[in-house]
Amino acid sequence: MNTREVVNRYYELANAGDWDAWCDLFAADQVMDEQLAGPVKGRDTLRDMMKGFPGMYARFQNVPRHIVVDGDQAAVVSHISATTPSGETVEADVVNYYRVVDGLITYMANFHDTVPFRAVLSND
């Protein structure tokens, strides 16, 4: 897959809640700078982390608004709409940055306001 296809698949799988296949989009030695979780190194670490994701959100959608691709890099402006199991809502605009090598995400960082995610963090 090229960079655009990887990015499109990232959102497709996230919105389907297929977190195992979503993790497969990342290189084994990936590095993620995740705004809420902090640094996440390695696909296995990411996969373990994502096992808890369905317990954090009863509903989760991350809809791309703007996608810019330049070679092996991409930036996506998106909007997250989610609901926690207790019924609290999350609405947040997000920017993700990606580096893709040989069809796999090797680096990703996300940037957003953390306030909308307080409901999720307080349920930990």
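Inspect the stretch 81-101 for any residue being on the phi < 0 side of the Ramachandran plot, in contact with a Leu (Cβ under 7 Å, 6 or more places away or on another chain) and open to solvent by 40 Å² or more (accessible area, probe 1.4 Å) and give the result as yes or no. So that I can check it myself, show each step before the final result.
To start, the set of residues in the stretch 81-101 that are on the phi < 0 side of the Ramachandran plot comprises 81-86, 88-101.
In the following step, the residues that additionally are in contact with a Leu (Cβ under 7 Å, 6 or more places away or on another chain) were identified as none.
No: the stretch 81-101 contains no residue that is on the phi < 0 side of the Ramachandran plot, in contact with a Leu (Cβ under 7 Å, 6 or more places away or on another chain) and open to solvent by 40 Å² or more (accessible area, probe 1.4 Å).
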Seminar exercise, completed: Filtering the stretch 11-34 down to residues that are open to solvent by 40 Å² or more (accessible area, probe 1.4 Å) and among the acidic types (Asp, Glu) yields 12, 18, 20, 24, 29, 33
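Quick check: is even one residue across the stretch 39-49 touching a residue at least 60 places away in the same chain (Cβ under 8 Å) and out of contact with any His (no Cβ under 8 Å at 6 or more places or on another chain)? First the steps, then the outcome.
Our first condition is that a residue be touching a residue at least 60 places away in the same chain (Cβ under 8 Å); within the stretch 39-49, this holds for none.
No, the conditions are met nowhere in the stretch 39-49.
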Exercise. Tally time: how many residues in the stretch 112-124 are over 23 Å from residue 31 (Cα atoms) and in a loop (DSSP other than H, G, I, E, B)?
Worked result: 3
For this session: Within the stretch 100-118, identify whether any single residue is over 22 Å from residue 2 (Cα atoms), small (Gly, Ala, Ser) and touching a strand residue (DSSP E or B) at 6+ places or on another chain (Cβ under 7 Å), and answer yes or no.
Result: no
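Looking for something at positive phi, of a type outside the set (Phe, Trp, Tyr) and surrounded by fewer than 17 Cβ atoms within 10 Å (Cβ to Cβ) - is there at least one such residue anywhere in the stretch 35-51?
Taking the stretch 35-51 as the starting set, the residues that turn out to be at positive phi are 38, 42.
Next, from what is left, pick out any that are of a type outside the set (Phe, Trp, Tyr): 38, 42.
Within this subset, residues satisfying the condition of being surrounded by fewer than 17 Cβ atoms within 10 Å (Cβ to Cβ) are 38, 42.
Taking every residue of the stretch 35-51 in turn, at least one turns out to be at positive phi, of a type outside the set (Phe, Trp, Tyr) and surrounded by fewer than 17 Cβ atoms within 10 Å (Cβ to Cβ).
Grab the helices (runs of 4 or more DSSP H) fully contained in the stretch 1-111, keeping just those with 2 or more residues being more than 20 Å from residue 121 (Cα to Cα), under 14 Å from the mean Cα position of the chain (by Cα) and modelled with pLDDT of 95 or more. Give the derivation first.
On the way: elements: 3-16, 19-23, 43-50, 53-56.
Fully inside the stretch 1-111 and qualifying: 3-16, 19-23.
The values are calculated or read from the model by the stated rules, or taken from the named source; none is laboratory data. Fair warning: this is a prediction, and the values are worked out from it, not measured in the lab. Note that each Cβ is placed from the backbone with ideal geometry, even for glycine, and that neighbours are counted across all protein chains shown. Side chains are part of the model used for accessible areas, which takes the heavy atoms of the whole protein and leaves out ligands, DNA and RNA. Shrake-Rupley method; radii C 1.70, N 1.55, O 1.52, S 1.80 Å.
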